[in-house]
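The structure appears below as structure tokens.
The values are calculated or read from the model by the stated rules, or taken from the named source; none is laboratory data. Small disclaimer: the values here were computed from a predicted structure and weren't measured. Here the Cβ positions follow ideal geometry from the backbone for every residue, glycine too, while neighbour counts run over all protein chains shown.
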Amino acid sequence: MTKSLLLLSVATLLLTACQAGEKPASDAEADSAAAVDPGADEQAIRGQVDRWLQLVKAKDAAGIAELYAEDGAVMAPNAPIGKGRTAIQQTWESMMRTPGFDLTFVPEQIVVSSSGDMALDRGTYSLTIAPEGTTQTDTGKYVVVWRKIGREWKAAADIFNSDLPASGG
């Protein structure tokens, strides 16, 4: 009988411990989940996009690199991946050195994750360059994955490509 009572007590303790692991989120976790405001996060990302466009007009590659997470990446077409802010800055400097460089882009969709720490920004761009004095225009699409670091949205991954057919080569 003592063995049965001891086994029953141990089983009850184990069952209680297992159920404790299944209990609802703590107050801090619940407050954090309640604090997710997709509309406000989308507006914050749109603010970062506006800032990015200002930096492009100013040809400020260092400022643009600061919009990325420290471990962020830019994936420009026909170029190696630029990982980290130094490589990102170099990639943007290289692009913006092209004579006649002018770039605009417009988010068409921004989706914030339910956890509020990641977002997808999908849109289109228009690029003008004049490398040999002749103006060339390109249109294309892009995707930026944003990550919320602290209270600020940073680009974690940025990829874009042209709508023009491949020129072969």
Next on the checklist: Looking at the range 58-76, I want the residues that are free of Cβ contacts under 8 Å to residues at least 12 places away in the same chain and among the β-branched types (V, I, T) and have a partner that is in a strand (DSSP E or B) and surrounded by fewer than 16 Cβ atoms within 10 Å (Cβ to Cβ) with Cβ atoms under 6 Å, at least 6 apart or on another chain. Which pairs are those?
Outcome noted: none
Item to check | Only listed residue being farther than 21 Å from P38 by Cβ and either among the aliphatic types (A, V, I, L, M) or touching a Lys or Arg at 6+ places or on another chain (Cβ under 6 Å) (or both), chosen from L120, L164 | outcome: L164
Checklist outcome for this item: Of the residues in the range 93-120, those that are under 22 Å from K59 (Cα atoms), in a strand (DSSP E or B) and acidic (D, E) come to D102
Checklist entry - What pairs can you find where one residue is in the range 132-144 and acidic (D, E), the other is surrounded by 15 or more Cβ atoms within 10 Å (Cβ to Cβ), and their Cβ atoms are less than 6 Å apart, with a gap of 6+ or different chains? => result D138/L127; D138/S162
Next on the checklist: Return the pair list, or none, for Cβ contacts closer than 8 Å from residues in the range 103-124 that are over 15 Å from Q43 (Cβ atoms) to residues that are surrounded by 12 or more Cβ atoms within 10 Å (Cβ to Cβ) and polar (S, T, N, Q), at least 6 apart or on different chains.
Outcome noted: L103/S126; L103/T128; T104/S126; F105/T124; F105/S126; V106/T124; E108/T124
Item to check | Criterion: within 13 Å of D158 (Cα to Cα), of a type in the set (A, V, I, L, M) and modelled with pLDDT of 95 or more - qualifying residue of V49, V106 | outcome: V49
Checklist entry - Has the range 115-128 got at least one residue that is at pLDDT below 95 and either within 19 Å of M95 (Cα to Cα) or surrounded by fewer than 16 Cβ atoms within 10 Å (Cβ to Cβ) (or both)? => result no
